[in-house]
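**Q** Have a look at the structure that comes next, please.
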Amino acid sequence: QVQLVESGGGLVQAAGSLRLSCAASGRNSYTYAMGWFRQAPGKEREFVAAITWSGGSLVYADSVKGRFTISRDNAKNTVYLQMNSLKPEDTAVYYCASDSIMLRPTPPPPRYWGQGTQVTVSS
């Protein structure tokens, strides 16, 4: 079992930046792939970014490429999402996720999820 706790959400103006953090705990959690999904009001949940346990492979949604950066610190068992050049359409609840296999935009969904953190970008 893996537990995930997100932090760092908030309200920011368009073109601003935020950094989300997700701390993982649980047996073997440090060996798991981690990533971020988001869900805007009235929309389906969508993939944002993912990183392997080694950090050697990164995947991004096209909508965030060049603006968001995912990274991890295995010593702290934490994954980060640096979000720059934020747009109002980035407004959503952001969820941290993890699994023993690499996270992808396609099913199956990850087994482990955090509680979510709200990101609101004002125009």
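**Q** Here are some conditions: (1) in contact with a Gly (Cβ under 6 Å, 6 or more places away or on another chain); (2) without any contact (Cβ under 8 Å) to a residue 40 or more places away in the chain; (3) surrounded by fewer than 20 Cβ atoms within 10 Å (Cβ to Cβ). Residue 93 meets all but one. Which one does it not meet?
**A** (2)
**Q** Exactly one condition in (1) closer than 23 Å to residue 1 by Cα; (2) of a type outside the set (D, E, K, R); (3) in a strand (DSSP E or B) is false for residue 108; which is it?
**A** Failed condition: (3).
**Q** Within region 5-23, count every residue that is at negative phi and either hydroxyl-bearing (Ser, Thr, Tyr) or in contact with a Ser or Thr (Cβ under 6 Å, 6 or more places away or on another chain) (or both).
**A** 9
**Q** Looking at region 20-39 only, could you name the residues that are within 15 Å of residue 102 (Cβ to Cβ) and either touching a helix residue (DSSP H, G or I) at 6+ places or on another chain (Cβ under 7 Å) or exposed (fewer than 14 other Cβ atoms within 10 Å of the Cβ) (or both)?
**A** 31
**Q** Sticking with this one: If residue 42 satisfies all but one of (1) over 17 Å from residue 103 (Cα atoms); (2) surrounded by 12 or more Cβ atoms within 10 Å (Cβ to Cβ), what's the number of the condition it fails?
**A** Single failed check for residue 42: (2).
**Q** Moving to a separate point now. Considering only residues that are open to solvent by 80 Å² or more (accessible area, probe 1.4 Å) and modelled with pLDDT under 95, which ones fall in region 59-80?
**A** 75, 76
**Q** Is it fair to say residue 6 is among the acidic types (Asp, Glu), crowded, with 17+ Cβ neighbours inside 10 Å and either modelled with pLDDT of 95 or more or more than 15 Å from residue 98 (Cα to Cα) (or both)?
**A** yes
**Q** Give the number of residues within region 96-118 that are open to solvent by 50 Å² or more (accessible area, probe 1.4 Å) and farther than 15 Å from residue 46 by Cβ.
**A** Counting residues in region 96-118 that are open to solvent by 50 Å² or more (accessible area, probe 1.4 Å) and farther than 15 Å from residue 46 by Cβ gives 6.
The values are calculated or read from the model by the stated rules, or taken from the named source; none is laboratory data. Computed from a predicted structure; not experimentally measured. With ideal geometry, Cβ positions are generated from the backbone for all residues, glycine too; neighbour counts draw on all protein chains shown. Protein only, heavy atoms only, side chains kept; ligands, DNA and RNA dropped before computing areas. Shrake-Rupley method; radii C 1.70, N 1.55, O 1.52, S 1.80 Å.
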